[in-house]
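I have placed the structure first, in the form of structure tokens, so that the comments after it can refer back to it.
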Amino acid sequence: MTNSDSKTSWTILGAGVVIGIVIGLVVLRLLPSTNTNSDSVTSLPPQLYSGSTDNVQVEISADSTEHHNEIADISALETLLSGSNRSDQVLALYQSVNSMDISRLIALLDSSKQISSNYIRQLVQESLVQKLASVHPKQTLELIDQLTYTPKESMIDWIFQEWSRQNFDEAVSTAQALSESDKTTALTAILNSRRDLSDAIHLEAAKKFSYEQLAIDQILTIVQLENLQDPAEAWKQVTQILQKSTVTELSEVQQEVIAKIAFTWFEQQGEKSLKNISDSLRKYTNYIDAMSLIFAKIGQDNPGQALQLAADLNLHNRSLLSAIMKSASTTDPVAALKAVSSVTSLSLRDHLEREVVSVWINVDPQAVLNNLMLLPENVRIWGQEEALVALIPESPEFVASYIVEVENASIKTNVAAKLALQWAKTDPHAAFDWAQANPLVHINPVVVINLPERVIRNIAANDYELAIQIALEQPIADGEIGLEALVIGEMMSYNIEDAIATLDQTRNEATKNAAMGEIGRELVTKGRSDDAIELVKDFSSDVQIQYYESLAVSWAYYEPTDALLKIDSLPEGQIRLNLAEQLVSYKDVIHSYTPEQIEKIKEHIPPSWHGFLD
């Protein structure tokens, strides 16, 4: 499939991972192995090839003086490589490694564990491993298991590239016994290094790993790179390769390759090429995904043509049509909307229009607001709201001023709520000032949103100390509930004890009572009713009645069994009556009570209510 030069280029191109290491890798590839020393890699001690890593270690430590010298060499090497001229250091390292005999390489690899710098340790170890792998990959594979804190992926890659050049079948057989992640790395290295072998051999090797897709990915990528200018020939090769395989689903790599070939072919020969490709791909389970990529490329510049071509090929799939419109929207959303207008199905047209507007909002929400009248009427209000929400993170002030003039109650309500939430996180003081200046958002003449309350709660969720500070800075009239009550209520959701302690900062009785109600509700919903009861035991009867009335709904809803266990101990008949009435209201709607529980409820409600429990 490729000439010898392209095969060599593919191998070198795929060998590197880290930029610095790639430099050294290329140097090592170019440096000849000319060592003729009697102890060189051509005359290895027999123990090294026994397949036992322990034997290797014995060989290394046989001469303690030599081992000490190797450690000193590593220290010197670490010092050398710590300088500023990295390219010269890498060159020196690889020149040194290339001239070493096998025993010195192994000893250096062992002592390299002591290098403190992660980068230098990795550089040294990978250079040593690559050199060893070129001599005896099997033992090198055993040696790297002893290394720590070093990424194995590149080492596995080098070992199996060298191994497959020396003995392809043995490399494939050994790789099958590796872990799943190492298998993928090893197979990729094997296939990359042996581009001289046929596609059939590559596919057969990959099938042994159940990784047939990986081999097809690589083969098709080469086909695309080499033959894209002749897409008809490229497609012929693609179909031949796929026919030899057993895959029923196209990988993402394969889909992308096919899309590039198909688009080029379409540009040269038009619709006929698309029909050819479509007919060939129909047997694959993700046929629509593959065709969607193709049509997305066509639709980017001409969405109307893409929609018509899809109709001509009976491709009415919603996801495919969405892919066309999303692609077109990135370059010309107005043209995309115009193209969608030709769709006859109202529901499909609405769906595609929303796809276009969504992409347009992601690209430029301000442009959407500036061109609202270009949006179809059925998506205009929705598009306006979504564009405003998209602008909140970067332009909250603009959104705040914009919604003042918005007449649509739904937009005003939803955007104001989201603005209050997000702005409170990024600039709490500005958010609160805005809320104070626009305290009420009117949904209708009856329902309003209190923005200061909403913002202060949102600030408290992120920084309750700041929220308390802001709340206490706000003026409060006699008998009015201060905003600190809301802060305390928000604190309850993540720190009950701090919330209770903050009660002392409330500025009047009304605020304290309201805050206690917030605390009580949170306590009973978390199964801490004893603490809720303890909180108000020393307060007046009026305060207790108001307090228990505020938490009766939550108690009866979340913990009815606990409420019935505690109802007799509550201090006032009115309090017990309020709780019992709430329990009655949830019967059969939320809860089912046992006969004993029903009798207990009846003890605290008037006889006229008993019928609701029967």
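Only one residue in 338, 326 is under 27 Å from the mean Cα position of the chain (by Cα), touching a residue at least 24 places away in the same chain (Cβ under 8 Å) and either in a helix (DSSP H, G or I) or buried (at least 20 other Cβ atoms within 10 Å of the Cβ) (or both), so which one is that? The unique qualifying residue is 326. Of the residues making up segment 279-286, at least one is among the aromatic types (Phe, Trp, Tyr), more than 20 Å from residue 306 (Cβ to Cβ) and free of Cβ contacts under 8 Å to residues at least 40 places away in the same chain.
Matching residues to (1) touching a Lys or Arg at 6+ places or on another chain (Cβ under 9 Å); (2) in a helix (DSSP H, G or I):
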| residue | (1), (2) |
| --- | --- |
| 383 | yes, yes |
| 388 | yes, yes |
| 393 | no, no |
| 402 | no, yes |
| 412 | no, yes |
| 421 | yes, yes |
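Scanning segment 241-258 for residues that are polar (S, T, N, Q), in a helix (DSSP H, G or I) and modelled with pLDDT of 95 or more yields 254, 255. Scanning for something out of contact with any helix residue (DSSP H, G or I) (no Cβ under 8 Å at 6 or more places or on another chain) and in a helix (DSSP H, G or I), does segment 285-307 turn up at least one residue? Scanning segment 285-307, I find no residue that is out of contact with any helix residue (DSSP H, G or I) (no Cβ under 8 Å at 6 or more places or on another chain) and in a helix (DSSP H, G or I), so the answer is no. Of the helices (runs of 4 or more DSSP H) contained entirely in segment 536-614, those carrying at least 3 residues that are small (Gly, Ala, Ser), out of contact with any strand residue (DSSP E or B) (no Cβ under 9 Å at 6 or more places or on another chain) and surrounded by 13 or more Cβ atoms within 10 Å (Cβ to Cβ) fall at 541-558.
You will find that of 497, 490, 522, 518, the residue that is surrounded by fewer than 17 Cβ atoms within 10 Å (Cβ to Cβ) and either modelled with pLDDT under 90 or outside any loop (DSSP other than H, G, I, E, B) (or both) is 497 and no other. Selection of first residues in segment 96-118 that are closer than 11 Å to residue 131 by Cβ and of second residues that are modelled with pLDDT of 85 or more and part of a loop (DSSP other than H, G, I, E, B), restricted to Cβ pairs under 7 Å at least 6 apart or on distinct chains, gives an empty result. Checked against (1) surrounded by fewer than 21 Cβ atoms within 10 Å (Cβ to Cβ); (2) in contact with a Pro (Cβ under 7 Å, 6 or more places away or on another chain), residue 397 meets all criteria but (2).
Residues in segment 119-177 that are closer than 23 Å to residue 74 by Cα, of a type in the set (Ser, Thr, Tyr) and free of Cβ contacts under 8 Å to residues at least 60 places away in the same chain: 140, 148, 149, 150.
The values are calculated or read from the model by the stated rules, or taken from the named source; none is laboratory data. Keep in mind it's a predicted model, so treat the numbers as computed, not measured. In this analysis, Cβ positions are derived from the backbone assuming ideal geometry, glycine residues included, and neighbour counts consider all displayed protein chains.
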